Amino acid sequence: MSFEFGMRPRGPQGFVTSPAEPEEYDVDEDEAEPPLAATDEADLGAVLDETNVVEVLDQLDRELIALAPVKTRIREIAALLLIDKLRREVGLASERPSLHMSFTGNPGTGKTTVAMKMAQVLHRLGYITEPRVVACTRDDLVGQYVGHTAPKTKEVLRRAYGGVLFIDEAYYLYRPENERDYGQEAIEILLQVMENDRDKLVVILAGYKDRMDAFFASNPGMASRVTHHVDFPDYTPDELMEIAQRMLERQDYRLSSDAEKAFREYLERRMQMPRFAHGRSTRNAIDRARLRHASRLFDSDRPLGHDELMTIEADDIYASSVFRSG
């Protein structure tokens, strides 16, 4: 399965939904797996073969450019859960670890994609019942009048049970400047569920690092329930160029040598401008270059060869408003 930065992958191994597209999940204690009988030793190889966790981690390494600290942290969490599973097999004391997480970083740095991979790891190790991520924002949780917030929040939680709830820009839940804001009510419901139903749901809070730090400082109850903090670094121009090349290859496009230089210059300029979103901005730039490439060929009024149909030229890049803005 292939994932692109800033995109939400779908497929048989896992999927991302929004609160508007619920998936039913009913908890039935009678269907819970019986405890494993204790043995003298645990077979790590057998558990790895059974869960195929290494396959997910290897996909993470192959499909995501850079992000070395993030990949390391996800492997550490996977190792913790795997060893916890082995400890149960040999009869050692084992409590379900806290799995709620915070993903911090700028837009387009792969937070949603890594959340999906984390859901697959958790599912394969038996910590959630489906490799499913329900993504939401403040608007999905907080109501606009008295009595509206609780039903909205509980409905999103119901849809997320059995999987991962991904709350993007979570700091917008808390607006201390507005005394009549209902975000605090949503936070209180989340806190209760994160503590009492942590065996049914994993919550990932995401957003800019500085704002998330302020959010946790203002909400100590939330901070105490989030164990794993993963910071997503910005991409360098070289890393964004590699991301662009992979995107183009998957679509049977390529940059001419002059276009490659132009695209690098585009990235360097775009990174200095407002609302730059790393992987997403790179993908959008490619889409617009394809549009200009198609318009140029459409106006050529002559037979088009294989190379022309797949090669983006420098003019297709330099026509961007990024260059016109100086």
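Numbers for the structure displayed
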quantity	calculated
Candidate set from the range 303-326 (those that are among the hydroxyl-bearing types (S, T, Y) and surrounded by 14 or more Cβ atoms within 10 Å (Cβ to Cβ)); member that is nearest to N106 (Cα to Cα)	S320
Residue among L99, L82 that alone is outside any strand (DSSP E or B), aliphatic (A, V, I, L, M) and more than 19 Å from I204 (Cβ to Cβ)	L82
Total residues in the range 246-260, condition in contact with a Leu (Cβ under 9 Å, 6 or more places away or on another chain) and surrounded by fewer than 17 Cβ atoms within 10 Å (Cβ to Cβ)	2
Residues of the range 214-233 classified as touching a residue at least 60 places away in the same chain (Cβ under 8 Å) and either touching a His at 6+ places or on another chain (Cβ under 8 Å) or of a type outside the set (V, I, T) (or both), total	9
Tabulated pairs, the range 307-326, first in contact (Cβ under 8 Å) with a residue 60 or more places away in the chain, second assigned to a loop (DSSP other than H, G, I, E, B) and surrounded by 15 or more Cβ atoms within 10 Å (Cβ to Cβ), C-beta under 8 angstrom, 6+ apart or interchain	I312/Y253; I312/S256
Conditions (1) farther than 15 Å from P107 by Cα; (2) not in a loop (DSSP other than H, G, I, E, B); number of the one not met by S300	(2)
Extreme residue, farthest from I65 (Cα to Cα), among residues of the range 270-296 that are more than 26 Å from the chain's Cα centre (by Cα) and exposed (fewer than 14 other Cβ atoms within 10 Å of the Cβ)	S295
Leading residue by the ranking (nearest to T109 (Cα to Cα)) among those in the range 130-173 that are among the aromatic types (F, W, Y) and surrounded by fewer than 21 Cβ atoms within 10 Å (Cβ to Cβ)	Y172
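Listed here are the residues, each with its yes/no results for (1) out of contact with any helix residue (DSSP H, G or I) (no Cβ under 9 Å at 6 or more places or on another chain); (2) within 25 Å of E242 (Cβ to Cβ); (3) not aromatic (F, W, Y).
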site	(1), (2), (3)
R275	no, yes, yes
H278	no, yes, yes
I286	no, yes, yes
F298	yes, no, no
D301	yes, no, yes
I312	no, yes, yes
D315	no, yes, yes
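Taken together, the values in this text are just the output of simple stated rules run on the coordinates, not laboratory data. The structure displayed is predicted, hence computed values, not measured ones. Note: ideal-geometry Cβ built from the backbone for every residue, glycine included; neighbour counts use all protein chains shown.
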